[in-house]
Structure formats: C-alpha cells, structure tokens
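Enquirer: After the structure tokens below, expect a handful of questions from me.
The values are calculated or read from the model by the stated rules, or taken from the named source; none is laboratory data. Everything numeric in this text was worked out from a predicted model, so none of it was measured. When we count neighbours, we look across all protein chains shown, and the Cβ atoms used for this are built from the backbone with ideal geometry, even at glycine. When the accessible area is computed, the model is the full protein with side chains, heavy atoms only, and any ligands, DNA or RNA have been set aside. Shrake-Rupley method; radii C 1.70, N 1.55, O 1.52, S 1.80 Å.
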Amino acid sequence: AQSVTQPDIHITVSEGASLELRCNYSYGATPYLFWYVQSPGQGLQLLLKYFSGDTLVQGIKGFEAEFKRSQSSFNLRKPSVHWSDAAEYFCAVGANYGGSQGNLIFGKGTKLSVKP
Amino acid sequence: EPEVTQTPSHQVTQMGQEVILRCVPISNHLYFYWYRQILGQKVEFLVSFYNNEISEKSEIFDDQFSVERPDGSNFTLKIRSTKLEDSAMYFCASKRQGPQETQYFGPGTRLLVL
C-alpha cells in the first residue's frame, strides 16, 4: 500500500541553524513527490515538487529537497532557518497510476519550532 | 494570484444534521478534490472530481458524502447526516490537468459536530 512516513513529529531548531526534515515513502511506481507547508490557520502551500530529472529540487523560501530512490526518501532541507519558517510541514506522494487523478497521500507532518 | 477559497471558515453543527461545505476553485482548473484532516492526524484524501463526475474516492467517502459542481464556479461537499467523527478540517484543492500539475489548496473549513 502507498504510504508516507515522516518520523519526526516535532523538531526545534535555532534561528540561523540548518534544517532537515525527513520523509520516506512506499510506492510501487515512480513517485511524484511534494512538500507542503501549513502555517497556523492557513491552507497548505506547496514548497516544491519532484516528478523526474534532477534529484535535487529547489523550492520557494529557500527550501530544497533531494530524491533518493535507493532510500525511498525525499528529505527537505534549508541551510539557514528563519523564525517565519515555524509551521507544520507535510510530505506527500501523488498517485500516478493509470486513470488516477493524482490524489495526494500525506505523511503525518512535522511541526517545526524555531528558537530565537 | 488566483487562489482557492472556501466557506465557511468554521461550522458548528449538531449530530445528524446536514452540512454543505463550499469551495471556489481556481477558474481555469479542471480537477477538484476534497481532503480532510482530523485534529492531530494526517491529511486524508476523500474524493476527486473531473468532468462533472467523481473520478476516485477513498473508503472514507461513504454514502453520507456527496460532491457537486452546481455551477461553473462552486464545488461543494455535502455530509447528509453528520457524525461526531466527521469533526475535522476539510480542505478543497484544484489543479489544471495532469498528474504532474500542482494541487492548490484552500484555507479549509473547520467542522465541529456536537
């Protein structure tokens, strides 16, 4: 069955420190992978996505993610965290089997807190 | 920048009542989705809608749920007889076409069933 695992429920980092949020997926076909961010009271905003090609993808707000097929991972990184990055981050895989309309399968999310 | 809108932002209802959650997708989008997020849990897919019919639905989307696109702009989710466990944040999403297109999410409707 398709699934997404985000092993870290809550992470706290200091402002200016680097960040890595982990995501592992289980999917039979070539996955379409996404990272979304949700600020309190807001909807889900796309940070970046991977479909094919270069396995290191750049997103908005200085985020990047690397697709590693051998590890079934799609970890999100940022070299220097800002206080405004405090939010909940969701990794998702998009269904791409025949006839699928691309519904997303989400992980449970990682809540990021930023210390001043 | 175009965005997906949802109304109401919050809804409180009594168990057994019907609720209709409304969404206005981005105007040139063709695929529409509903997801829900029970407090503290992951976002879960409910249903996708394309060409005026349901494309896919999850096992959560039982006979109590229905979706409709009553006009050219609105996309609604109806829960016929709400249960306590329907309390959740409901997100609408839309995309233009194709599995590689980005889904754009609305801000959600928080539904509380008492």
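Enquirer: Among the numbered criteria (1) facing chain B (nearest Cβ under 10 Å); (2) free of Cβ contacts under 8 Å to residues at least 60 places away in the same chain; (3) touching a strand residue (DSSP E or B) at 6+ places or on another chain (Cβ under 8 Å); (4) open to solvent by 20 Å² or more (accessible area, probe 1.4 Å), which one does A:I105 miss?
Expert: (2)
Enquirer: If the requirement is being among the aliphatic types (A, V, I, L, M) and within 11 Å of chain A (Cβ to nearest Cβ), which of these qualifies: B:A93, B:A88?
Expert: B:A93
Enquirer: Tell me which of these A:T5 doesn't satisfy, since it passes every other one: (1) in contact with a Cys (Cβ under 9 Å, 6 or more places away or on another chain); (2) open to solvent by less than 50 Å² (accessible area, probe 1.4 Å); (3) of a type in the set (S, T, Y).
Expert: Evaluating A:T5 over (1) in contact with a Cys (Cβ under 9 Å, 6 or more places away or on another chain); (2) open to solvent by less than 50 Å² (accessible area, probe 1.4 Å); (3) of a type in the set (S, T, Y) leaves (2) as the failure.
Enquirer: Starting from residues that are more than 14 Å from chain A (Cβ to nearest Cβ) and in a strand (DSSP E or B), keep the ones in the range B:16-30 and report whichever is surrounded by the most Cβ atoms within 10 Å (Cβ to Cβ).
Expert: If we take residues in the range B:16-30 being more than 14 Å from chain A (Cβ to nearest Cβ) and in a strand (DSSP E or B), then B:V19 is surrounded by the most Cβ atoms within 10 Å (Cβ to Cβ).
Enquirer: OK, next. Could you list, in sequence order, the residues of the range B:52-74 that are touching a Phe, Trp or Tyr at 6+ places or on another chain (Cβ under 9 Å) and within 14 Å of another protein chain (Cβ to nearest Cβ)?
Expert: Across the range B:52-74, the qualifying residues are B:I54, B:S55, B:E56, B:K57, B:S58, B:I60, B:F61, B:V67.
Enquirer: Let me ask something else. Residues being farther than 16 Å from A:G94 by Cβ, open to solvent by less than 40 Å² (accessible area, probe 1.4 Å), part of a loop (DSSP other than H, G, I, E, B) and in contact (Cβ under 8 Å) with a residue 12 or more places away in the chain: count how many of those fall in the range A:43-73.
Expert: So the answer is 1.
Enquirer: Quick check: anything in the range B:80-99 β-branched (V, I, T), in contact (Cβ under 8 Å) with a residue 40 or more places away in the chain and in contact with a Phe, Trp or Tyr (Cβ under 7 Å, 6 or more places away or on another chain)?
Expert: No, there is no match, as no residue in the range B:80-99 is β-branched (V, I, T), in contact (Cβ under 8 Å) with a residue 40 or more places away in the chain and in contact with a Phe, Trp or Tyr (Cβ under 7 Å, 6 or more places away or on another chain).
Enquirer: Oh, and also: So B:S66 fits all but one of (1) at pLDDT 95 or above; (2) open to solvent by 70 Å² or more (accessible area, probe 1.4 Å); (3) hydroxyl-bearing (S, T, Y); what number is the exception?
Expert: Condition not satisfied by B:S66: (2).
Enquirer: As an exercise: evaluate A:V81 against (1) part of a strand (DSSP E or B); (2) within 13 Å of A:L21 (Cβ to Cβ) and give the number of the one condition it does not meet.
Expert: Every listed condition holds for A:V81 apart from (1).
Enquirer: Of the residues A:G28, A:G41, which single one is modelled with pLDDT under 95 and either away from chain B (no Cβ under 14 Å) or touching a helix residue (DSSP H, G or I) at 6+ places or on another chain (Cβ under 8 Å) (or both)?
Expert: It is A:G28.
Enquirer: Check off (1) assigned to a strand (DSSP E or B); (2) open to solvent by 40 Å² or more (accessible area, probe 1.4 Å); (3) under 30 Å from B:T7 (Cα atoms) for A:P40 and give me the number that stays unchecked.
Expert: Going through (1) assigned to a strand (DSSP E or B); (2) open to solvent by 40 Å² or more (accessible area, probe 1.4 Å); (3) under 30 Å from B:T7 (Cα atoms) one by one, A:P40 breaks only (1).
Enquirer: Taking strands (runs of 3 or more DSSP E) that fall entirely within the range B:31-107, which contain at least 2 residues that are over 25 Å from A:Y32 (Cβ atoms)?
Expert: The qualifying strands (runs of 3 or more DSSP E) are B:65-68, B:75-79.
Enquirer: Would you mind stating whether B:S81 is open to solvent by 20 Å² or more (accessible area, probe 1.4 Å), in contact with a Gly (Cβ under 7 Å, 6 or more places away or on another chain), of a type in the set (G, A, S) and away from every other protein chain (no Cβ under 11 Å)?
Expert: For B:S81, the condition - open to solvent by 20 Å² or more (accessible area, probe 1.4 Å), in contact with a Gly (Cβ under 7 Å, 6 or more places away or on another chain), of a type in the set (G, A, S) and away from every other protein chain (no Cβ under 11 Å) - is met.
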